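Down below is the structure, laid out as C-alpha cells.
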Amino acid sequence: MSSDSDAFLARIPIAYRTLLLYVEPCMALSGSFLCLFYPRVFLHTFSPYLAYHSDNQIIYNQLAATYILFAFNQAVVLRVANDIRVWKAIVMGILLCDTVHLWAGFVVMHQDGTSSPAVWRLEDWVAVGSLVVPMSLRIAFLAGVGVRDEGQKKVE
C-alpha cells in the first residue's frame with residue numbers, strides 16, 4: 001500500500017475500516033456462498049416458513065453475484081480509493097441496499113406473524129442485528145463522526 005493510501009486510511013477510524021474492509025466483505029462472501037450452494041439454509045435465515053424451489057435458483061445466483069460485488073467494492077475498491085467521496089458513495093449505496101433488505105425481512109416476519117421481537121428466533125436476532133449495527137456505523141460514517149478531514153483533527 002502506498003504512503004498516500006496509508007495516510008488516507010489513517011483518517012478513517014478503525015471501527016469503520018474494520019467493518020468496511022474486513023467484516024462486511026467476509027459476510028457478503030459467506031452470503032454468496034449460501035445463496036450458491038445452500039439456498040435452503042439462506043432462505044431459512046429469513047423465515048422457517050418459506051419453501052425453496054430449485055426453479056428459482058437463478059434468483060439466488062444473481063443475489064450471490066450482488067453480494068460478491070459488495071465484497072469486491074469494500075475489500076478492493078475502498079482500499080485503492082483515496083477520496084472520501086468514493087467511500088461515502090459506496091457506503092451510501094450499501095446503506096440504501098440494507099434499508100430495503102431490512103424492510104423486506106420485516107415484511108416476511110409480518111407475514112409469518114413473527115414481527116414482534118418477543119417471538120424472534122436466534123436467526124432473526126442475528127439477521128436484524130447484522131443489518132442494524134452496521135447501518136448505524138454507516139450513518140455515523142456518512143455524518144462524518146470521527147472521520148478526519150485533511151489538515152483537521154477530528155470531525156465531531
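Looking at the range 94-105, can you tell me whether even one residue there is of a type in the set (Phe, Trp, Tyr), assigned to a helix (DSSP H, G or I) and either touching a helix residue (DSSP H, G or I) at 6+ places or on another chain (Cβ under 9 Å) or modelled with pLDDT under 95 (or both)? Break it down stepwise before answering.
If we filter the range 94-105 for residues that are of a type in the set (Phe, Trp, Tyr), which is where we start, we get 103.
Checking which are assigned to a helix (DSSP H, G or I) leaves us with 103.
If we keep only those that are either touching a helix residue (DSSP H, G or I) at 6+ places or on another chain (Cβ under 9 Å) or modelled with pLDDT under 95 (or both) as well, we get none.
There is no residue in the range 94-105 that is of a type in the set (Phe, Trp, Tyr), assigned to a helix (DSSP H, G or I) and either touching a helix residue (DSSP H, G or I) at 6+ places or on another chain (Cβ under 9 Å) or modelled with pLDDT under 95 (or both).
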Determine if the range 123-130 includes at least one residue that is exposed (fewer than 12 other Cβ atoms within 10 Å of the Cβ), part of a helix (DSSP H, G or I) and under 12 Å from the mean Cα position of the chain (by Cα). yes
Residue count for the range 6-38, restricted to those that are more than 24 Å from LEU95 (Cα to Cα) and either assigned to a helix (DSSP H, G or I) or in contact (Cβ under 8 Å) with a residue 40 or more places away in the chain (or both): 3
So which of ALA75, ALA71, ALA104 is among the small types (Gly, Ala, Ser), surrounded by 15 or more Cβ atoms within 10 Å (Cβ to Cβ) and out of contact with any Asp or Glu (no Cβ under 8 Å at 6 or more places or on another chain)? ALA75
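Checking the conditions here, which among GLY144, GLY93 is on the phi > 0 side of the Ramachandran plot and not hydroxyl-bearing (Ser, Thr, Tyr)? Let's see the steps before the verdict.
Numbers: GLY93 fails: on the phi > 0 side of the Ramachandran plot.
After ruling out the rest, the residue left standing is GLY144.
The values are calculated or read from the model by the stated rules, or taken from the named source; none is laboratory data. These numbers come from a predicted model, not from an experiment. Neighbour counts run over all protein chains shown; Cβ positions are idealised from the backbone, glycine included.
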